[in-house]
Structures are given as C-alpha cells and as structure tokens.
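See below for the structure under consideration.
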Amino acid sequence: MPVQNGDDCGFTLVELIISISILAVLASLSVVAINPPSVLARARDSKRIADLGVLVSAITSYDVDNGIYPDDSGVIRYSNSLPQGQSGPLQSSDNGWIKGPFSKYVSSLLTDPTNSGLYVYRYKRSANTFEVDARFEYYKEKAVDDGGNDNATFEAGNDLSLLD
C-alpha cells in the first residue's frame, strides 16, 4: 500500500541511534547506582553473620549435652582446613573443620562463603569458653562494635578474647 499524505510508518536511523544511546546511558547509571560488588559483599557478610549464629548455637548445644565444648582445647581451627583425606566440600558435620560429632546439632559444618585467604571462619576453645570469628568485607563496623578484642574480625561466643 503506498504512503499517503506524508505519513511515515518507521523510524529514521538518527532516531534509533538517539534512542539506543539514551537506553545505554540509563543502563550504565543503573549499574553504577546498584554497585554489584558492594551488594555481593553485603550478601556474603549477611551469610557470615547467620552462619556464626548457627555455629554458636550448635557449639553451645554440644556443650549442654556433653559437658564440654567440641574439639581440643587451645587449638585454632580454620574452616578452609579440610579433614585428612577429604578434598571436596564438607559433606558431614561429624567430620569437619571442628572436631566432634555435630550431626545432632547441624547437618553440615558451615564454611565461609569465600573460604580462602583472610575470609575463613575460625574456632578456638579453652576449658570453659569458646570463640568463633569471621572477617567481614562490607560490615566492618560490626567487627569494631562486637565487644571482642580484634577490630578486624566479627567475634561470637562466650569469650571474645580467645582468638587474636
């Protein structure tokens, strides 16, 4: 059908380029405003907070049932240290980075979302106390305000001076 009275049915190349340019600028501004690395760091730190709460609960329940905290006294355990002979992710809470039968308290021993370098969970106990801790990427002020002796790590347990 021929075009009548100058009515156009499409866009010119200039209009398309301007529209695409505007969309590209808006998309760039959205990515900058959302800041994906910051969002991911907050999510990992939120998981660390939840995981430490679960670990404290499991360790405390273990003590109530057994009259002693799990593992050897005075030994620092790291979540990135796998038990001898194990090469993959922890499958059992009874054979994990904290020694002790934990299956009654937690299905598997939790590990840090990154679980390498500075970002690992640590555990240490004495005769009557224990501490678990983690380093944060985003919520660093929580590590300063937790009442522990290390302002670089978020500490939980009943003696926040066991780990340096």
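I need the full set of residues from segment 105-145 which are over 14 Å from the mean Cα position of the chain (by Cα), assigned to a loop (DSSP other than H, G, I, E, B), closer than 19 Å to L160 by Cβ and of a type in the set (V, I, T), in order please.
T129
Quick one: how many residues across segment 121-150 are among the aliphatic types (A, V, I, L, M), surrounded by fewer than 20 Cβ atoms within 10 Å (Cβ to Cβ) and either at positive phi or in contact (Cβ under 8 Å) with a residue 24 or more places away in the chain (or both)?
Counting residues in segment 121-150 that are among the aliphatic types (A, V, I, L, M), surrounded by fewer than 20 Cβ atoms within 10 Å (Cβ to Cβ) and either at positive phi or in contact (Cβ under 8 Å) with a residue 24 or more places away in the chain (or both) gives 1.
So that you can scan it fast, the table gives a plain yes or no per residue for (1) at pLDDT below 95; (2) touching a helix residue (DSSP H, G or I) at 6+ places or on another chain (Cβ under 9 Å); (3) hydrophobic (A, V, I, L, M, F, W, C); (4) on the phi > 0 side of the Ramachandran plot:
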{"residue": "I22", "(1), (2), (3), (4)": "yes, no, yes, no"}
{"residue": "V25", "(1), (2), (3), (4)": "yes, no, yes, no"}
{"residue": "S28", "(1), (2), (3), (4)": "yes, no, no, no"}
{"residue": "V32", "(1), (2), (3), (4)": "yes, no, yes, no"}
{"residue": "N35", "(1), (2), (3), (4)": "yes, no, no, yes"}
{"residue": "V39", "(1), (2), (3), (4)": "yes, no, yes, no"}
{"residue": "T60", "(1), (2), (3), (4)": "no, no, no, no"}
{"residue": "P70", "(1), (2), (3), (4)": "yes, yes, no, no"}
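Within the set of pairs 6+ apart or on separate chains, which have a first residue in segment 1-23 that is in a loop (DSSP other than H, G, I, E, B), a second that is modelled with pLDDT of 85 or more, and C-beta atoms under 9 Å apart?
So the pair list comes out as F11/S19.
The values are calculated or read from the model by the stated rules, or taken from the named source; none is laboratory data. Predicted model only: the values in this text are computed from it and were never measured. Here Cβ is always computed from backbone atoms with ideal geometry, including for glycine, and neighbour counts include all displayed protein chains.
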